[in-house]
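The values are calculated or read from the model by the stated rules, or taken from the named source; none is laboratory data. Since the model is a prediction, treat every value here as computed from it, not as a measurement. For neighbour counting, all protein chains shown are included, and Cβ atoms are generated from backbone atoms with ideal geometry for every residue, glycine included.
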Amino acid sequence: MKGYTVQGDRILVTGGAGYIGSHTCKALAYAGYEPVVYDDLSNGHAEAVLWGPLVKGDVRDVDRLASTMSAHSISGVIHFAGLIEVGGSMRRPDLYWDHNVNGVAAVLSAMRQADVSRLIFSSTAAVYGTPAQPGLLSETDALGPINPYGDSKLAGERMIAASCNAFGLEAVALRYFNASGADPEGQIGEAHNPETHLIPLAIEAALSGQSLTVFGSDFPTPDGFCMRDYIHVADLARAHVLALGLDRIDGGFEAMNLGRGVGASVVEVIEAVGNACGRPPLHTIGPRRAGDPPMLVADPSRARARLEWRPEFDDLQTIIDTAVAWRRDRRFGVTSALPNAA
Ligand SMILES: NC(=O)c1ccc[n+]([C@@H]2O[C@H](COP(=O)([O-])OP(=O)(O)OC[C@H]3O[C@@H](n4cnc5c(N)ncnc54)[C@H](O)[C@@H]3O)[C@@H](O)[C@H]2O)c1
């Protein structure tokens, strides 16, 4: 069975109607692959499915997944579908385990049935939890999620690694740091509802004049605000295409961080949003949230070496400019009321 994929192959993209999935479909199409989106549209947008067919289905439905893989002669799978909110996972851990863990189990069973052997999995920096010390996080650092969302993604990684051992699957888990920005050509962008990510919330605040609450200004960071590693969604998308084409996956399973390796604080984000929008977002400072690590910044050297991947959008202002351009001329999605949270 061939593990790697080549141009012309059809790739099943679960969650391909969502934010990162739709950008990856565009990158796949430009690299000569044919993306087939599998999504229940619970949080995605049919308007974002522009580069191949959309199969509407639940990722926990093994039979439908397997028959879709066979019907479309799928050669590889990129699995994005799942629930993504840390706060939501604290309120409904059962739902997160159901969609995110049972979803992975179903994808693995269907791949086995349909004889598909290459899988790229959307993982997250949340698998690291709160780092023991400041610094760049590498894949060899301790894993210890601090919320059910992170637990469910780490459980997914472990189930995939075990399946690589058990039945010859080859998989890469890509641990994204903070996905941000939008398609530079403006076709697709971030349209979560509800939105919980800082950049789109800050843009909404700047454009609407509503106020944003920032949680904590007393972190042990240079300016006292949380620092995160913002990576452009088109750079994330390209990394998936490169991982699909790897001709060898060490030990059958590899995990790789995807970030720029540069931290930006909440205040730096707010300033960059203000520059892009022409006026700064109003914001107030609230108390820290439980479980917010001061700093989450990737050491991306493994992905750089293994995928020969470098972020093309290597500057926070440019990343945010693409997000603002999308928000000003958005082709789908609604503006939800700005929650008093960021
Ligand atoms: N956005 C980030 O910053 C970030 C960071 C790290 C990891 N991730 C991971 O990346 C992946 C994609 O995130 P996103 O921001 O694009 O989210 P998104 O909500 O925009 O996309 C997820 C897609 O999955 C679909 N979906 C959800 N449950 C489903 C189910 N049971 N069956 C079929 N489809 C289902 C939704 O309709 C949606 O289109 C997720 O797995 C997430 O955990 C995201």
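Points to keep in mind about this one:
- Number of positions in the range 68-94 that are in contact (Cβ under 8 Å) with a residue 40 or more places away in the chain and surrounded by fewer than 19 Cβ atoms within 10 Å (Cβ to Cβ): 8
- Qualifying residue in the range 85-105 (condition: polar (S, T, N, Q) and farther than 22 Å from Ile20 by Cα): no
- Options Leu169, Leu174, Leu207, Leu143: the member that is buried (at least 24 other Cβ atoms within 10 Å of the Cβ) and either in the same structural domain as Arg92 (by TED's automatic domain parsing) or of a type in the set (A, V, I, L, M, F, W, C) (or both): Leu169
- Residue within the range 25-38 that is touching a helix residue (DSSP H, G or I) at 6+ places or on another chain (Cβ under 7 Å) and modelled with pLDDT under 95 present: no
- Counting only strands (runs of 3 or more DSSP E) that sit completely within the range 147-237, those holding 3 or more residues that are within 15 Å of the ligand (Cβ to nearest atom) and not β-branched (Val, Ile, Thr) correspond to 170-176, 178-180.
- Those residues of the range 109-135 which are part of a helix (DSSP H, G or I), buried (at least 18 other Cβ atoms within 10 Å of the Cβ) and away from the ligand (no atom under 15 Å from the Cβ), in sequence order: Met111, Ala114
- Hits in the range 240-249 - residues which are of a type in the set (Gly, Ala, Ser) and surrounded by 24 or more Cβ atoms within 10 Å (Cβ to Cβ): Ala243
- Only one of the numbered conditions (1) without any contact (Cβ under 8 Å) to a residue 12 or more places away in the chain; (2) in contact with a helix residue (DSSP H, G or I) (Cβ under 9 Å, 6 or more places away or on another chain) is violated by Ala239, and that is (1).
- Strands (runs of 3 or more DSSP E) enclosed by the range 250-313 - at least 3 residues per element that are surrounded by 18 or more Cβ atoms within 10 Å (Cβ to Cβ) and touching a strand residue (DSSP E or B) at 6+ places or on another chain (Cβ under 9 Å): 253-258, 295-298
- Restricting the range 9-55 to residues that are polar (S, T, N, Q) and surrounded by 24 or more Cβ atoms within 10 Å (Cβ to Cβ), the residue that is nearest to the ligand (Cβ to nearest atom) is Thr14.
- Meets criteria (more than 10 Å from the ligand (Cβ to nearest atom) and at pLDDT below 95) for Gly88: yes
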